[in-house]
Amino acid sequence: MQSLTQPAAAGTPLTSAGPSEQYLTFVLDGELFALPILSVQEIRGWERVSAIPRTPAHVLGVINLRGTVVPVVDVRARLGMPPREVTTTTVVIVVRIPASGGAITVGCVVDAVSDVVDLDPAHVGPAPDICGTIDRHFVRGVTTLDARLMMLLDLEGLVDSTVTGAAA
């Protein structure tokens, strides 16, 4: 597990008085992203999904997760990134997202998982107004890890009513 305790511009680690938060890091198109670890239910290898007609392109379909039908989102497609073939490192990160009627379980397909890291919230900056091809409402914050820019994704922004309705 890695720990981030320094701001992007600093050359030496700083000691933080505040509590750190843990994130699961993963890769999409060579870029580093992260999700709050407390939202992650499990990580599964890629498996075929059952397609559902008339769903958005980023909703691949559903899987049966121990008797529960779970919608699966292609995070690359949701973020407007080019498609990629499934490889041996492709995984589905199963997350639980708080909702008004209870938590929603969704599978998120990513290129590869990396690590669990501790992040000091004081060193996470807001998403810039212009995030390239990624809509700003998908990004909760930005920080650096090992001199690489890392975007912290907003799960609620990634999942909309078209996704939650797919499992109904």
- Of the residues in the range 61-108 that are farther than 24 Å from residue 38 by Cα and of a type outside the set (Gly, Ala, Ser), the one that is surrounded by the most Cβ atoms within 10 Å (Cβ to Cβ) is 81
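What do you reckon, is residue 67 touching a residue at least 60 places away in the same chain (Cβ under 8 Å) and either within 15 Å of residue 27 (Cα to Cα) or not aliphatic (A, V, I, L, M) (or both)? Lay out the reasoning, then the answer.
Values: touching a residue at least 60 places away in the same chain (Cβ under 8 Å): no; either within 15 Å of residue 27 (Cα to Cα) or not aliphatic (A, V, I, L, M) (or both): yes.
Here the answer is no, as residue 67 does not meet what is asked.
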- Query: Of the residues that sit in the range 136-164 and are of a type outside the set (Val, Ile, Thr), part of a loop (DSSP other than H, G, I, E, B) and within 28 Å of residue 52 (Cα to Cα), which one is modelled with the highest pLDDT?
  - Reply: 154
- Message: If the requirement is being surrounded by 11 or more Cβ atoms within 10 Å (Cβ to Cβ), at pLDDT 95 or above, out of contact with any helix residue (DSSP H, G or I) (no Cβ under 7 Å at 6 or more places or on another chain) and small (Gly, Ala, Ser), which of these qualifies: 50, 20?
- Response: 50
- Query: Of everything in the range 109-133 that's surrounded by 15 or more Cβ atoms within 10 Å (Cβ to Cβ) and not in a strand (DSSP E or B), which residue is modelled with the lowest pLDDT?
  - Reply: 131
- Message: Restricting to the range 58-97, give me the number of residues that are part of a strand (DSSP E or B) and not aliphatic (A, V, I, L, M).
- Response: 6
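The values are calculated or read from the model by the stated rules, or taken from the named source; none is laboratory data. The model shown is predicted, which means the values in this text are computed figures rather than measured ones. Backbone-built Cβ (ideal geometry, glycine too); neighbour counts: all protein chains shown.
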